[in-house]
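**Student:** The structure that follows is given in the form of structure tokens.
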Amino acid sequence: DTRQVRRVRRVRRVRQVRQVLVRLRIALAFVIALAAGVPLAAHPTPFSYLDLRIERDGIHGWLVAHIEDVAHELGVQPSSALLDPAFASSRASAIVGALSMRLIVSADGRSLVPEWEPTVEVLPERQSVRMPVKYALGRAPGRLAVEGLLFAYDPAHKTFVNIYEGDALTQAIIDVSHQRVDYFAGTTQGIIAVAGTFVGSGVHHILIGPDHLLFLLGLLLLGGSIRRLAMIVTGFTVAHSITLTLAALNIVSPQARLIEPAIALSIVCVGADNLLVTSQPTSRDLRAWMAFAFGFIHGFGFANVLREMGLPRRALGWSLFSFNLGVEIGQLLVVIPVAGAIAWLWARDRELGRRVAVVGSALVVAAGIFWFAQRVFWGST
């Protein structure tokens, strides 16, 4: 009995020792986690804030920056010294000098010269300093652009941009992945700026997009009457306009990794259909229907580019219309001369036209297969 009691006591002691060790481990882990969190707590808000208000005489703004970021740029230690209004004001020129070169504000493509106030306001409750700034303008801008990383040493840093125009507020973020913000005013000048920007972008995109152009050229290789060619181009235009709008408005948004290979396959189908028609002259001309059907897929491809540009919410309709108009202008710049040359070739020598169509269609198929393999297996677009 005595031995059994001793054994029970020994087991209890072992359990107690184990419990103590477990508690010590938990306490140690807590201390380590707390110590590891200290450096993060020292700079809890890696953010800055830029408020810009569009007025008749120019743009009035305020830049708010955390004292940790400002202290890092100026080499001030400790950073809390910047919470002293007298000390912060004495370093105003140094603060402005460090940040003004990184913050670029432009109106209608023209860089604006900032007029910084000679004082710095301390915001103790936010652990920040605020600096007033003004940009003189002769007239209200149509387009305002803000760009630049204020504190590039910190990859997590973000600058929150608030642009006020009357009672309207537009918000955006500048960070490592998005270093520019474009704002279009809700005025006539703003609409003109939207049209100029997005029409040019639409023309540029279609002219540098070899897949879209090759799809169109493949549809034109067999020639035909002006009415037939107009139906082909119109079908493509109507279809891609529909899906471009749906995707840009985020109503339907298929992933680019599905759309880009599908665009390549549409090119293969056009080339293969041309080869079938040239080998069997009695085959029906389905090019207008193919242009319409595959135009839906190409519209999603256009929308991916448009979304990357950032659509202005206040001028969404104008930006969509302008980009689509630019795409159409770019198409016509290519389609009109090419269609004219192909029609002339078929009218002069049908056999030569057929041979050109065969060779051209084979090249179209080869390019489409290459792009499909590239986009599926290498993920390149």
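The values are calculated or read from the model by the stated rules, or taken from the named source; none is laboratory data. Computed from a prediction, not measured in an experiment: that's the story for all the values here. Cβ sites come from the backbone with ideal geometry, for glycine too, and all protein chains shown count toward neighbours. Side chains are part of the model used for accessible areas, which takes the heavy atoms of the whole protein and leaves out ligands, DNA and RNA. Shrake-Rupley method; radii C 1.70, N 1.55, O 1.52, S 1.80 Å.
**Student:** Do you know which residues across region 275-307 are among the β-branched types (V, I, T) and within 33 Å of the chain's Cα centre (by Cα)?
**Tutor:** Once the filter is applied, which keeps residues that are among the β-branched types (V, I, T) and within 33 Å of the chain's Cα centre (by Cα), region 275-307 yields I297, V305.
**Student:** Now, a different point. Can you say whether A347 is more than 23 Å from A256 (Cα to Cα) and of a type outside the set (F, W, Y), as far as the supplied structure shows?
**Tutor:** It is true that A347 is more than 23 Å from A256 (Cα to Cα) and of a type outside the set (F, W, Y).
**Student:** Return the pairs, sorted by first residue and then second, in which the second residue is in a strand (DSSP E or B), the first residue lies in region 152-163 and is of a type in the set (D, E, K, R), the beta carbons are less than 6 Å apart, and the residues are 6+ apart or on different chains.
**Tutor:** Cβ pairs passing all conditions: K158/F47; K158/I173; K158/D175.
**Student:** Follow-up question, since we're still on this one. I'm trying to understand the selection: among the residues of region 51-72, which are more than 29 Å from the chain's Cα centre (by Cα) and either acidic (D, E) or over 16 Å from A152 (Cα atoms) (or both)?
**Tutor:** Once the filter is applied, which keeps residues that are more than 29 Å from the chain's Cα centre (by Cα) and either acidic (D, E) or over 16 Å from A152 (Cα atoms) (or both), region 51-72 yields R56, D57, E68.
**Student:** Check whether at least one residue in region 171-190 is open to solvent by less than 50 Å² (accessible area, probe 1.4 Å), part of a helix (DSSP H, G or I), over 22 Å from V338 (Cα atoms) and touching a strand residue (DSSP E or B) at 6+ places or on another chain (Cβ under 6 Å), and report yes or no.
**Tutor:** yes
**Student:** Mind checking which helices (runs of 4 or more DSSP H) fall wholly inside region 25-105 and carry at least 3 residues that are closer than 22 Å to L137 by Cβ and at pLDDT 80 or above?
**Tutor:** Once the helices (runs of 4 or more DSSP H) in region 25-105 are filtered for at least 3 residues that are closer than 22 Å to L137 by Cβ and at pLDDT 80 or above, what remains is 92-100.
**Student:** Can I ask one more? When you scan region 121-138, do you find a residue that is farther than 17 Å from S48 by Cβ, part of a strand (DSSP E or B), touching a residue at least 12 places away in the same chain (Cβ under 8 Å) and hydrophobic (A, V, I, L, M, F, W, C), even just one?
**Tutor:** Yes, region 121-138 contains a residue that is farther than 17 Å from S48 by Cβ, part of a strand (DSSP E or B), touching a residue at least 12 places away in the same chain (Cβ under 8 Å) and hydrophobic (A, V, I, L, M, F, W, C).
**Student:** Can you tell me which residues in region 205-225 are buried (at least 19 other Cβ atoms within 10 Å of the Cβ) and in a loop (DSSP other than H, G, I, E, B)?
**Tutor:** L221, L222, G223, G224
**Student:** Next question. Restricting region 237-255 to residues that are among the aliphatic types (A, V, I, L, M) and open to solvent by 30 Å² or more (accessible area, probe 1.4 Å), which is farthest from the chain's Cα centre (by Cα)?
**Tutor:** V238
**Student:** Shifting gears a bit: Look at region 251-289 and say how many of its residues are assigned to a helix (DSSP H, G or I) and either over 22 Å from A373 (Cβ atoms) or touching a Cys at 6+ places or on another chain (Cβ under 6 Å) (or both).
**Tutor:** Number satisfying all stated conditions: 7.
**Student:** Taking E351, is it more than 27 Å from V194 (Cα to Cα), part of a helix (DSSP H, G or I), of a type in the set (D, E) and without any contact (Cβ under 8 Å) to a residue 12 or more places away in the chain?
**Tutor:** Judged against the criteria, E351 is a match.
**Student:** For the list (1) under 31 Å from the mean Cα position of the chain (by Cα); (2) under 20 Å from S361 (Cα atoms), I need the number of the one condition that T234 fails.
**Tutor:** Unmet for T234, out of (1) under 31 Å from the mean Cα position of the chain (by Cα); (2) under 20 Å from S361 (Cα atoms): (2).
**Student:** Tell me yes or no: at least one residue of region 317-332 is over 28 Å from I226 (Cβ atoms), open to solvent by 90 Å² or more (accessible area, probe 1.4 Å), at pLDDT 90 or above and not polar (S, T, N, Q).
**Tutor:** no
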